[in-house]
Amino acid sequence: MSLLIKRLFTLFLVLFFAGVLLLGQVACSPTQQQAPGNLLGAISNTVDTTLEEPSELVFAGQVADANGRWANGYVAVLFKNGVEIARTNTGLLDAPLSGAGPMDGVFELRIRNEYKLKQTHAFFNADSQPIEMKNVMGMVGTRYIGNWLGKLTPNSSRTIAVPEKQLAYTVVILEMPLDQLPESHQSGNLSLNGTLLVTSATEAGGAGNIAFQATPVAQPTPLPPANIQLTVLPSRSNGQDWHLQLTGYYGNRWDVWETYVVGYGHSMSWETFKEAVLVYNPHLEADGFVFYPDKAYLLPSVQ
């Protein structure tokens, strides 16, 4: 039974029993009528708790080859503190976290949210920069929390850490597609030691002896920031001060706020900037909240 069918069936059962209980109240005494009400209250509280605590943790992204074409059939592996916990393949997929509709080269890695992570927790990348997670609503009690990792290439990785929980989730894109994957890279033969992808395989006739081979995993390399330009555009007639144009920059919202907002003398707080910048630059969310050198962005300028 698919996950969607299970969710619909659960919703049907909840509504069915709620209807039966309400009809039964007509023939009950006032004391007896309190019992169904208490049960419905318990069901409501359970649903509310589940909605508040997302049931799944999702990491999604898109893989491109050396020529920039979206690549299907590559393997995305998810590690938790160095141990492999999930893997999937890239393909044609409509990932809600991307907001861009169906695309090739997309993957989604889903795991149970066993640590009850929420947006109120602090998430950081490998460079200790803040990362924002996104909540996505589903059927009753199935909301999940996740992050769109943006564009990745074969033999690259992304890390999302939660220091409060002593967790480090790392997504690694293996360097070869699924149909070329050697035995050493099959599920159960991989682990992560820092930035090293460690593969293991039993030697022929070795009676269980394990040979380890360490392969470096390339970390994401920002595009060269040599062409960063700040241009003051004509002020808008509505009096808004978002007319400082930034181009040629690679980084996240925190980087930009710290360098080109507060760093330029603007008093706008981080809390205000991180929401307002999405209003003036709606393409940011579709890009996983990452600024890319080939795109232009509007920033608040000092009056």
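The values are calculated or read from the model by the stated rules, or taken from the named source; none is laboratory data. This is a predicted model, so every value here is computed, not measured. Cβ atoms come from the backbone with ideal geometry, glycine included; neighbour counts cover every protein chain shown.
Listed conditions (1) polar (S, T, N, Q); (2) loosely packed, with under 15 Cβ neighbours inside 10 Å; (3) touching a Gly at 6+ places or on another chain (Cβ under 8 Å) are all met by residue 147, apart from (2).
Determine, yes or no, whether residue 62 is on the phi < 0 side of the Ramachandran plot, within 16 Å of the chain's Cα centre (by Cα) and at pLDDT below 95. Considered against the rule, which asks whether it is on the phi < 0 side of the Ramachandran plot, within 16 Å of the chain's Cα centre (by Cα) and at pLDDT below 95, residue 62 comes out as no. Scanning region 246-265 for residues that are surrounded by 15 or more Cβ atoms within 10 Å (Cβ to Cβ), farther than 19 Å from residue 129 by Cα and among the small types (Gly, Ala, Ser) yields one hit, 248. Cβ-Cβ distance below 6 Å, separation of 6 or more or different chains: which pairs start in region 74-96 with a residue that is touching a residue at least 40 places away in the same chain (Cβ under 8 Å) and end on one that is among the acidic types (Asp, Glu)? So the pair list comes out as 77/84; 95/108.
Considering only residues in region 134-144 that are assigned to a loop (DSSP other than H, G, I, E, B) and among the aliphatic types (A, V, I, L, M), the one that is surrounded by the fewest Cβ atoms within 10 Å (Cβ to Cβ) turns out to be 137. Among the residues making up region 70-91, those that are more than 11 Å from residue 187 (Cα to Cα), modelled with pLDDT of 95 or more and among the polar types (S, T, N, Q) are 72, 89, 90. Might you let me know whether region 153-166 holds any residue that is among the charged types (D, E, K, R), surrounded by 15 or more Cβ atoms within 10 Å (Cβ to Cβ) and under 19 Å from residue 86 (Cβ atoms)? Yes, the conditions are met somewhere in region 153-166. Output the residue which, of all residues in region 247-266 that are over 16 Å from residue 289 (Cα atoms) and hydrophobic (A, V, I, L, M, F, W, C), is modelled with the lowest pLDDT. By that ranking, first place goes to 262.
Entry remark, region 81-100: residues being assigned to a strand (DSSP E or B) and under 24 Å from residue 179 (Cβ atoms) number 9 in total. Of the residues making up region 82-110, those that are surrounded by 15 or more Cβ atoms within 10 Å (Cβ to Cβ) and β-branched (Val, Ile, Thr) are 88, 90, 106.
Considering only region 116-133, I want to know if a residue exists there that is among the β-branched types (Val, Ile, Thr), surrounded by fewer than 15 Cβ atoms within 10 Å (Cβ to Cβ) and at pLDDT below 90.
Within region 116-133, one or more residues are among the β-branched types (Val, Ile, Thr), surrounded by fewer than 15 Cβ atoms within 10 Å (Cβ to Cβ) and at pLDDT below 90.
Do you know which residues across region 267-288 are on the phi > 0 side of the Ramachandran plot and at pLDDT 85 or above? The answer is none; no residue qualifies. Would you be able to tell me the number of residues in region 101-120 that are outside any strand (DSSP E or B) and over 14 Å from the mean Cα position of the chain (by Cα)? Residues in region 101-120 being outside any strand (DSSP E or B) and over 14 Å from the mean Cα position of the chain (by Cα): 6 in total.
Looking across region 266-303, the residues that are of a type in the set (D, E, K, R), over 18 Å from residue 229 (Cα atoms) and surrounded by fewer than 14 Cβ atoms within 10 Å (Cβ to Cβ) come down to 271, 275.
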